[in-house]
Amino acid sequence: MLNAGADFGFPDKVGLVNKGTGNNVGVELTLEKFLSGGYYVLVTTSLFDSRYKGSDGVERNTAFNSKYVANVLAGKEWKLNNSGGALTLDVRMSGIGGRYTTPVDVKASAQAGYEILDTMNYNSQRLAGYFRLDTKFGIRLNNGRRHFSQTLYLDLQNVTNRKNIFIEEYNHAHEDLTPVYQIGFFPDVLYRIQL
């Protein structure tokens with residue numbers, strides 16, 4: 001159950017016993033400059049190793065053992081007038097080490113007609129790392145007489161359109177593996193009213 005939650009489904013294993021151990025070691029560093037002078041910066045980094053030993057006594061990577069996570073967030077605000085209105089720019093950059101998965105036994109899957117995992121090599125295959133750069137442009141207008149503010153954002157997610165792999169799954173039609181990618185470039189518009 002230590003690896004539960006890494007995918008979208010719940011494990012359908014039965015007969016599990018509580019005879020394993022898990023071990024997480026690492027270090028985290030956070031640097032932050034709070035919003036002042038019209039800008040902010042936040043940098044976070046985690047370096048870690050996450051492993052477990054099942055009841056079979058074999059030590060393996062957990063599904064969460066990406067080895068590192070690094071984030072940089074920064075923003076700038078330009079005041080429009082004395083009412084608190086502003087133009088804003090926010091940038092977020094994330095890098096995460098590749099996740100460990102269980103390889104698909106392509107030959108056995110082709111013979112069976114459905115995906116069969118090589119469970120003897122559980123979490124032994126490491127996928128490519130994750131990288132994403134987002135930018136958000138905004139304008140905030142305050143109405144002091146009515147005591148509310150309006151904000152309009154243009155949020156550009158994954159501006160580099162990087163193909164970040166989520167999993168590789170068996171493709172029965174091609175009798176081979178097909179990568180499943182996370183979201184590519186995605187523009188989003190947001191309008192918000194705050195009272």
Open item on the list: Run the simple label-point estimate for Y40 and D118 please: 7 Å along Cα→C-beta, distance reported in nm.
Closed with: 4.6 nm
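Averaged per residue, what accessible area in Å² does the chain show with a 1.4 Å probe, protein chains only?
Accessible area per residue: 67 Å².
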Open item on the list: Based on alpha-carbon centroids, what's the gap between the stretch 110-162 and the stretch 84-106 in Å, whole number please?
Closed with: 6 Å
Task: Mean projected area in nm² (Cα convex hull; one quarter of hull surface) for the stretch 75-166 - done: 9.6 nm²
- [ ] With θ set to phi - 60°, apply the Karplus curve 6.51 cos²θ - 1.76 cosθ + 1.60 along the stretch 69-82 and write out the HN-Hα couplings as whole Hz, x wherever there is a Gly or Pro.
- [x] 9, 9, 9, 10, 10, 8, x, 9, 10, 10, 5, 8, 7, 6
Open item on the list: Along the charge dipole of the chain, pointing to its positive end and built from +1/-1 on Cβ of Lys, Arg, Asp and Glu, which listed residue (T62, I193, Y130) has its Cα farthest out?
Closed with: I193
TODO: For the stretch 29-42, just list the computed ³J(HN,Hα) in residue order, Karplus coefficients 6.51, -1.76 and 1.60, θ = phi - 60°, integers in Hz, with x standing in for Gly and Pro.
DONE: 9, 10, 10, 9, 10, 5, 4, 7, x, x, 8, 9, 9, 9
Open item on the list: Give me the extension gain from S83 to D49: residue separation times 0.36 nm, minus the current Cα-Cα distance, reported in nm with one decimal.
Closed with: 7.3 nm
TODO: For T119, T135, write out the residues from largest to smallest accessible area, computed with a 1.4 angstrom probe and no ligands counted.
DONE: T119, T135
Open item on the list: Taking amide H atoms as placed 1.01 Å from N in the peptide plane, list the residues 5 or more away in sequence, or in a different chain, whose amide H sits under 5 Å from that of V104.
Closed with: D118
Open item on the list: Going Cα to Cα from K13, which lysines come in below 22 Å? Please leave out same-chain ones fewer than 8 positions away.
Closed with: K53
Open item on the list: Going by amide H atoms built from the backbone, whose H comes under 5 Å of the H on I167, apart from near neighbours?
Closed with: V180
Task: Accessible carbon and sulfur surface of the chain relative to its total accessible area, %, 1.4 Å - done: 57 percent
Task: Reference-scaled alpha-carbon Rg (2.2 N^0.38 Å with N residues) for the stretch 45-88 - done: 2.40
- [ ] Name the residue farthest towards the positive end of the dipole of the chain from the options G26, L2, L152, assuming +1 on Cβ of Lys and Arg, -1 on Cβ of Asp and Glu, about the Cα centre.
- [x] L152
Task: J(HN,Hα) series, the stretch 45-54, from Karplus relation 6.51 cos²θ - 1.76 cosθ + 1.60, nearest Hz, glycine and proline x - done: 9, 10, 10, 7, 9, 10, 9, 9, 10, x
Task: Simple Cβ-charge dipole of the stretch 109-180, Lys/Arg +1 and Asp/Glu -1, about Cα centre, in debye nearest 20 - done: 1000 debye
Task: Nearby lysines by direct alpha-carbon distance to K163 (threshold 29 angstrom, same-chain neighbours under 8 apart not counted) - done: K67, K76, K107, K136
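The values are calculated or read from the model by the stated rules, or taken from the named source; none is laboratory data. Given the structure is predicted, the values throughout are model-derived calculations rather than measurements. Cβ coordinates were reconstructed from backbone atoms using ideal geometry, including for glycine residues, and neighbour counts include every protein chain displayed. Quick note on the areas: whole protein, heavy atoms, side chains included, nothing else; ligands and nucleic acids left out. Shrake-Rupley method; radii C 1.70, N 1.55, O 1.52, S 1.80 Å.
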